[in-house]
1. Scan A:Ala50, A:Ala75, A:Ala125, A:Ala114 and give me the residue that is touching a strand residue (DSSP E or B) at 6+ places or on another chain (Cβ under 8 Å), free of Cβ contacts under 8 Å to residues at least 24 places away in the same chain and either within 16 Å of the ligand (Cβ to nearest atom) or assigned by TED's automatic domain parsing to the domain that holds A:Gly224 (or both).
2. Return a yes/no flag: does the stretch B:86-93 have any residue that is under 20 Å from the mean Cα position of the chain (by Cα), surrounded by 20 or more Cβ atoms within 10 Å (Cβ to Cβ) and touching a residue at least 24 places away in the same chain (Cβ under 8 Å).
3. Being surrounded by 24 or more Cβ atoms within 10 Å (Cβ to Cβ), touching a residue at least 12 places away in the same chain (Cβ under 8 Å) and more than 11 Å from every other protein chain (Cβ to nearest Cβ) is the requirement here; does A:Ala157 meet it?
4. Considering only residues that are in a loop (DSSP other than H, G, I, E, B), touching a residue at least 40 places away in the same chain (Cβ under 8 Å) and more than 19 Å from B:Ala235 (Cβ to Cβ), which ones fall in the stretch B:426-453?
5. So if I check each of B:Ala86, B:Ala91, which one is away from chain A (no Cβ under 14 Å), in contact with a Pro (Cβ under 8 Å, 6 or more places away or on another chain) and at pLDDT 80 or above?
6. Please specify each residue of the stretch B:41-69 satisfying the condition of being under 17 Å from B:Ala486 (Cβ atoms) and in a loop (DSSP other than H, G, I, E, B).
7. Report yes if some residue within the stretch B:298-318 is within 16 Å of the ligand (Cβ to nearest atom), in contact with a strand residue (DSSP E or B) (Cβ under 9 Å, 6 or more places away or on another chain) and not β-branched (Val, Ile, Thr); otherwise report no.
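The values are calculated or read from the model by the stated rules, or taken from the named source; none is laboratory data. These figures come from a predicted structure and were not determined experimentally. We place every Cβ from the backbone using ideal geometry, glycine too, and count neighbours over all the protein chains shown.
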Amino acid sequence: MSRWVLSGLKTGIKTTHYPAQQEIHAGVSPGLPVTGSAEGRTAEICPTAALTSSEGRIEVNYRRCIHCFRCVRSAESAPLDWQQGYEWAARAADRPALETGAFGRSLNVLVVDAGDCGACLSEIAQLTNPYYNIHRLGFFITPTPRNADVLLVVGPATDQMRAALKKAYDAMPEPRRVVAAGVCALSGGIFGPSLVSGAGAADVVPVDVEVPGCPPPPLAILHGLLVAVERKPSAFLSSPSAPANPVEAAP
Amino acid sequence: MLADVLREAEMRWPGNLYNRVDARSGEIECAPEAVSEICGWLFSEREYIFACLIAEERSPDWELRYVWYGAGDDGVIHVVARQPVAEQTFASLIGRVHAVDWSEREAEDLFGLVFQGHPRLGDFVLHDDRWNREVTPMRKQVDANAPLVRLLPEREWRPLLVLNAPGGFAMPIGPVYSGVTESALFLLETQGEDVIRCVPRLFYKYRALEKLAEGRTAAYALLLAERCNGTSAFAHSLAFCQAAEKIGGVNVPSRARALRILLAELERFRHHTAAIREICESTGLAVGASEAAILEEELLRLSCQYTGHRYLFGLNTIGGLTRDFEIGPCLQTLEMAQSILRRLERLEQRLRRTNTFVDRIEEVGSVSPQDAREFGLVGPIARASGVARDLRKMQPYSGYENFSFNVPQEQAGDGYARLRVLFAEARQAVGLIEQAVSALPLGPIRAETAHLAPGAALGWVEAPRGAAFHWLRLADDLTVERYHLATPSFLNWNGFHLATENFSFQDFPIILATFGLSMAENDR
Ligand code: SF4
């Protein structure tokens, strides 16, 4: 066993300083397209109707953008500006704010997969790796709803997961928060609404915080958790001011 | 040889149509009654491997297509039968080929077909507590946008207890069952201490991807192909593009072909690292798991730095790639991949010397070579059971025939053998990246003209979890008429029960992890 202790020590500290400081390591986020002038650009290039043009501007709806990169790599339209950063999570306007200190010092997160493609879940799994280590912030992934404070939902809410999702939410004690991560969970993405899927988690449970991205990188999901417990301010999911607090890409 | 096989088949079953489509593929058109015999012969005497069953409603007929493949010159053979749409009963192949089991059940659920001779179990893709059995989402008259008529109130679902012994009961686990896991339910049938068998109930994540593609453009369907499984997005988008390129007769430039291999292997490397992390986690080896997790995150960051996306989304396009890569970043990526591999190899060494770890995965979840063949297993799982099948070798695509690599193989078929195959393939993936980078052809990264045409074709790749087949049919207006994807997770879940006979309860997470299958890729 000592071999493992030693090798554990040797790997050294790699953990991000976020949220105390911004993380600037390259590759932590794929970034997002941003609203800009419509000149030479066409909103039709977007296959998911995430882009709309009005008054000489092209606006991005982050509930629909699936990171297909067509608006930056297509010959038919001048590339949209692309912004790094990851503080993308936004509080749903119609949900009440929390009382401060509602959850105490530690927070249990129940993850429910309501039909994701596997990428969103993979990014959630990274949150406990030493690079992000959410335990240091008092966040823990729990396997049961009974002691969960936050329900973290991914996927468009497929029909066959509706019952399980609802049941998990109903079994959670108050106060509770729901964070929907990934465009599928926000709008159905490219999968919903359809004959067998809903238009996101809000079809089944009340969503407090929305995290866009396809998939949202670990730091965006972490930002979502922080917004859910009011430890970070919310971003905005539609133009003109989205996303908040952009971070410059590392050189 | 394909030609010999077709000739011999023609002698045995005269009166059917035997077409050589090209050097490596053929089609046998026969009466529905003849399918079972011909396929049974291909499987048991000519040792062809089952790829997929494609059901198509092509008014006025049903078209049923069983696809088989072998190595090299044996090529790919489609056995096709048609009958009027009003006639919904086909003979099942299940008596001759176990590997078709799930494929027939799927076609039964989604199209309302009946496979005579197949034990009709129901509650498969469409769960019985949600929908009436009459619901058939893949039929053409069903609207992809209108919700299917649900059962209200929901019927209560009770597991079918197969075990018939005193004191026996089935313990359901799922569909939400632990930490960060994909949704699925497992029925563990037990009689006390040990679990006698495990019956997975999947398709909680059924998104009807194939249905959603219909009537859309191929460029749109590509987005669905890519997102059928986010952790092997590049492989699936590549298979889809290859199908579309075949239909249109598009020549993909050599630079794009080599870069596709580079990216596919980068994905395989990351996938296998993640799978290794999961195996460590399942045994409770926290330090090993977090070391693998560090490497996994570094590979995700590397992928993002190199391509713009951590899971390689948005790179494949019909005709090539959406972006080029300068040589500098290619070399850096190679260097980083090599240094990550060295650390992964050190982890491998330490794991091998950790008896408490090896004891947990050795002789756990074993699958015999014969079973693996019978049930049509693919990918690292098959290769760990002594069945060396790999489409990159057997039916090379994108230029794999010009690369030198071997197919790692193990004989034991247990959890440890599967882990060793993952390590060996990770090593080999980096070797392939190196070969791709060192001989990158110059030139365009996308075919100048990528015109599509009406027609149908099958594209395939060796995805990280094994063989994947994408069937695409474009209508006259070039929209998608039928899209079917057969995935390695689907093929392998069909054989999961082989690894779950008489095991002790605490080994269950380990068996699951060493199988490393995806629900998204299975459920689609
Ligand atoms: S990257 Fe987003 S906004 Fe741009 S075309 Fe794709 S989905 Fe639309």
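1. A:Ala50 is the lone residue from the list that is touching a strand residue (DSSP E or B) at 6+ places or on another chain (Cβ under 8 Å), free of Cβ contacts under 8 Å to residues at least 24 places away in the same chain and either within 16 Å of the ligand (Cβ to nearest atom) or assigned by TED's automatic domain parsing to the domain that holds A:Gly224 (or both).
2. So far as the stretch B:86-93 goes, no, none of its residues is under 20 Å from the mean Cα position of the chain (by Cα), surrounded by 20 or more Cβ atoms within 10 Å (Cβ to Cβ) and touching a residue at least 24 places away in the same chain (Cβ under 8 Å).
3. So A:Ala157 fails the test.
4. Hits for the stretch B:426-453 are B:Ala439, B:Leu440, B:Pro441, B:Leu442, B:Gly443, B:Pro444, B:Ala447, B:Thr449, B:Ala450, B:His451, B:Leu452, B:Ala453.
5. Only one candidate qualifies: B:Ala91.
6. Correct list: B:Tyr48 only.
7. Yes, the stretch B:298-318 has at least one match.
Yes or no, residue by residue, for (1) of a type in the set (Ser, Thr, Tyr); (2) closer than 23 Å to A:Asp116 by Cα; (3) buried (at least 24 other Cβ atoms within 10 Å of the Cβ); (4) more than 14 Å from chain A (Cβ to nearest Cβ):
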site	(1), (2), (3), (4)
B:Ala467	no, yes, yes, yes
B:Arg473	no, no, no, yes
B:Asp477	no, no, no, yes
B:Asn492	no, yes, yes, yes
B:Gly495	no, no, yes, yes
B:Phe503	no, no, no, yes
B:Asp507	no, no, no, yes
B:Asn522	no, yes, yes, no
